[in-house]
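Undergrad: Provided herewith is a single structure, encoded as structure tokens, for subsequent inquiry.
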Amino acid sequence: MVDTLRKRSVAYLLLLPGAFWLIVFFVIPLYFMAKLSLDVEIPGTLHYHFTWHWDNYKEALELYKTQFFRSFIYAAIATLLCLVIAYPLAYVIAFKAGRWQNLMLFAVVAPFFTTYLVRTLAWKTILADESPVTEVAHSIGLAPSGHILYTSFAVIAGITYNFLPFMVLPLYASLERIDVRVLEASKDLYASAGSTFWKVTFPLSLPGVVAGTLLTFIPAVGDYVNAEFLGGANNRMIGNVIQSLYLSQSNYSAAAALSFVLMAVIMVVVFIYLRFAGSEALMGQEAV
Amino acid sequence: MSATTDTPMVPNTPTPGRGSLSAETSAARAWRWLREHAVNIVAILVVIYLLIPIALIFVFSFNNPAGRYNFTWVGFTLKHWGHPFSDTELTKALLESIKLALLATLISTIIGTMMAIALVRHSFFGRRLANFLIVVPMATPEVVMGASLLSFFLILGTPSLGFETLLIAHVMFCISFVVVVVRSRLIGFDRSLEEAARDLGAGPFTTFRLVTFPLILPGIFGGAMLAFALSIDDFVISNFNAGSTVTFPLYIFGAAQRGIPVEVYVVAMILFFATVLAMGFATWQQRRAEKMTAIRPEQEESDIALPGIA
């Protein structure tokens, strides 16, 4: 009895600093932001007072609904592109790479080792007018205007590139876990390569698909670096709006309202996803 | 194989048909080869796609642009690699980033490792809640975390935003990742090793110091590396909470509007190579730890074998 009590207090002691840090600097700030989103600025001052001012939400959403929907559409397209691009790579790394496996995994994480902003700037060069990529795209009719930079295409391309590793790694992890004997059994039972893939491999890799899409989609929705560097005035995302409302326009209530809606919508999406897939999909087996 | 089965057929086949037949089979063979290797080819293309921007950054670190924008190729020069730290503003920002990342890594690794041990080794009231507290920050967009922390500092009326607020923010978003990495190491941990130490008379602290800690060290090291990488590369959250402090990513963002010195590309490549070296070191450490645990299975076998002999 005394022993379990002591053990338990050890657990709380170990947990305390981290829990303190996350509660004070993550949970409480969210609460403060929620409060700020319902505040009204006292005219002429930079002070706010709390009034349950739900109109902040209505006004902010009305004003910025285009950027809001655009963020979700860009993120959804980029996530889908990531899935399509990442799957063959993850599949090859898991089943076919042999001694090249570590080198290919290195290639997947290598972009992380260069600074995010510099990577995005590199795409500015790749997608610039008169660059080979733009010229090829133009000649095959993909970029009729001859420009890629400062279009939605560039922003989506940037997001896709920047978050691709987040898709490859969980896909690889779940494909790697598949027992190869299951695939052999399918072959022994005269399943074609195609039906083995669609009926055995792909369903077994679903946890990876779910984790990968979440890990790509969540940061992609809130991203504003790609829109800032690669997009034009018509490609601004909700992240750009929140950032500029906070940092240059000092319209804290509207920015807080937008952040909160963004977070709420993402939470709902994540919740539905986890209901559908089980929490171990995101955290690996250990989270159960 | 197919060549030998084809040859006996040749005399029987009329000459006119022969050419078209072999042409067909070689086309079919090429097609089959392509189909069998299609997924490999796609994977290689994706690898190339992943590496192109890195190659471009490397190439453009040797560029000699006339103006302040390093976006189009002008000519080759080594001068920026000769003096990568000549831009004092850039160097200051880089040092600030390194200092911040080291401190944030140190704090978040200690705190995160403690949390991971508590979560894996102890069952207690509120465990699910603690798990939830760790997952949610990872599922929150950075812009929301940055904005909410700024709201917090503004409402509290913190005297000034700067290095301290940056440190608070960086530790906050690093903790969860450290917990996840260290926890996965702890879960794959053979607990009978600790029991053995205990049986041999080691107290809980000695057991931890001599058995548990060395075995989870690669996990801790991996978590620390991830924390360092996240911290040194963070732009979004820092942008909200930096005040007048300038980190490396913040410097790049500011410079992007006025023109980017080539030194930025040089420093990015130096960071790249440094990380590659650190990764190599981590892998080597991991292998060593695996060797350490690999001693066990043999002993287990002999344990099983003994009763059979007796």
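No lab work stands behind these numbers, since they all come straight from the coordinates. Since the structure is predicted, the reported quantities are computational estimates derived from the model, not experimental observations. Please note: Cβ atoms are built from the backbone with ideal geometry, for glycine as well, and neighbour counts cover all protein chains shown.
Undergrad: Among the lysines, select those whose C-alpha is under 27 Å from the C-alpha of A:LYS187, and discard any that sit fewer than 8 residues away in the same chain.
TA: Those lysines meeting the cut-off are A:LYS96, A:LYS199.
Undergrad: Continuing with this model, one more query. Between A:VAL136 and A:LEU206, 0.36 nm times their residue separation minus their Cα-Cα distance comes to what?
TA: Roughly 21.7 nm would be gained on extension.
Undergrad: Output the Cα-based Rg and Dmax of segment B:72-189 in Å, rounding Rg to one decimal and Dmax to a whole number.
TA: 19.5, 65
Undergrad: So, one more: Considering the dipole of the protein assembly as shown built from charges on the beta carbon (Lys and Arg +1, Asp and Glu -1) around the Cα centre, which of A:THR151, B:LEU90, B:ALA104 is farthest to its positive end?
TA: Ranked along the dipole, the leading option is B:ALA104.
Undergrad: When ranked by the protection proxy of mean other Cβ atoms within 10 Å per residue, highest first, what sequence do the peptides A:158-166, A:179-187 form? Walk me through the numbers on the way to the answer.
TA: Working: A:158-166: 24.8, A:179-187: 12.3.
Top to bottom by mean Cβ count within 10 Å: A:158-166, A:179-187.
Undergrad: Sorting check: for A:139-146, B:130-137, A:263-270, which peptide has the highest mean count of neighbouring beta carbons within 10 Å, and how do the rest follow?
TA: Averaged packing, sorted descending, gives the order B:130-137, A:263-270, A:139-146.
Undergrad: Can you bin chain A into rounded, prolate or oblate? Criterion: square roots of the alpha carbon gyration tensor eigenvalues sorted a ≥ b ≥ c, rounded for a/c under 1.5, prolate for a/b above b/c, oblate for the rest.
TA: Taking the square roots of the gyration eigenvalues as a ≥ b ≥ c, chain A is oblate.
Undergrad: So, one more: Using Cβ counts within 10 Å as a stand-in for footprinting exposure, how do A:PHE95, B:PHE173, B:PHE248, A:PHE26 rank, fewest first?
TA: A:PHE95, A:PHE26, B:PHE173, B:PHE248
Undergrad: Give me the dipole magnitude in Debye, nearest 20, for chain B about the Cα centre, with unit charges on the beta carbon: positive for Lys and Arg, negative for Asp and Glu.
TA: Result for chain B is approximately 240 debye, rounded to the nearest 20.
Undergrad: When B:LEU193, B:LEU149 are ordered from fewest to most other Cβ atoms inside 10 Å of their Cβ, what list results?
TA: The most exposed by this proxy come first: B:LEU193, B:LEU149.
Undergrad: Of all chymotrypsin sites (Phe, Trp or Tyr not before Pro) in segment A:167-271, which ones are in loop regions per DSSP and have a Cβ with at most 13 other Cβ atoms within 10 Å?
TA: Hits after loop and neighbour filter: A:TYR190.
Undergrad: Within 10 Å of each Cβ in B:37-43, how many Cβ atoms from other chains are there, averaged over the peptide?
TA: Details: counts 1, 1, 9, 6, 2, 7, 14.
Going residue by residue through B:37-43 and averaging, the value is 6.
Undergrad: Let's see if you can work this out: charge +1 on each Lys and Arg Cβ, -1 on each Asp and Glu Cβ, no other charges. What is the dipole magnitude of the protein assembly as shown about its Cα centre, in debye to the nearest 20?
TA: With Lys and Arg at +1 and Asp and Glu at -1, about 460 debye.
Undergrad: Quick one: give the max-minus-min coordinate of the C-alpha atoms of chain B along each principal axis, largest first, in Å.
TA: Sorted largest first, the three principal extents are 95, 84, 38 Å.
Undergrad: Would you mind computing Rg(Cα) / (2.2 N^0.38 Å) for the protein assembly as shown, counting N as its residues?
TA: 1.10
Undergrad: For segment A:156-168, just list the computed ³J(HN,Hα) in residue order, Karplus coefficients 6.51, -1.76 and 1.60, θ = phi - 60°, integers in Hz, with x standing in for Gly and Pro.
TA: Couplings: 5, 4, x, 4, 4, 5, 5, 9, 4, x, 4, 8, 5 Hz.
Undergrad: Show which lysines lie in cross-link reach of B:LYS291 when reach means a straight Cα distance below 18 angstrom and same-chain residues fewer than eight apart are skipped.
TA: Cα-Cα hits under 18 Å: none found.
Undergrad: Quick one: if you stick a label point 7 Å off each Cα along the C-beta vector at B:ARG127 and A:ILE28, how many nm between them?
TA: Taking the simple label geometry, B:ARG127 and A:ILE28 are separated by 2.8 nm.
Undergrad: How shielded is B:49-61 by partner chains, expressed as the average number of their Cβ atoms within 10 Å of its Cβ atoms?
TA: Mean number of neighbouring Cβ atoms from other chains: 6.
Undergrad: I've got another one for you. In peptide B:119-132, how many Cβ atoms from other protein chains are near each Cβ within 10 Å, on average?
TA: Partner-chain Cβ atoms within 10 Å, mean over residues of B:119-132: 4.
Undergrad: By a straight-distance test (C-alpha under 22 Å), which lysines pair with A:LYS35 as possible cross-link partners, with residues fewer than eight away in the same chain excluded?
TA: Answer for A:LYS35, where 22 Å is the Cα cut-off: A:LYS58, A:LYS65, listed by chain and number.
Undergrad: Oh, and also: Given a Förster distance of 22 Å, report the FRET efficiency between A:ALA233 and A:SER145 from their Cβ-Cβ distance, rounded to the nearest 0.05.
TA: After rounding, the FRET efficiency stands at 0.90.
Undergrad: With each label point set 7 Å from Cα along the Cα-Cβ vector, what nm distance links A:LEU13 and A:VAL268?
TA: Spacing of the two 7 Å Cα→Cβ label points: 4.6 nm.
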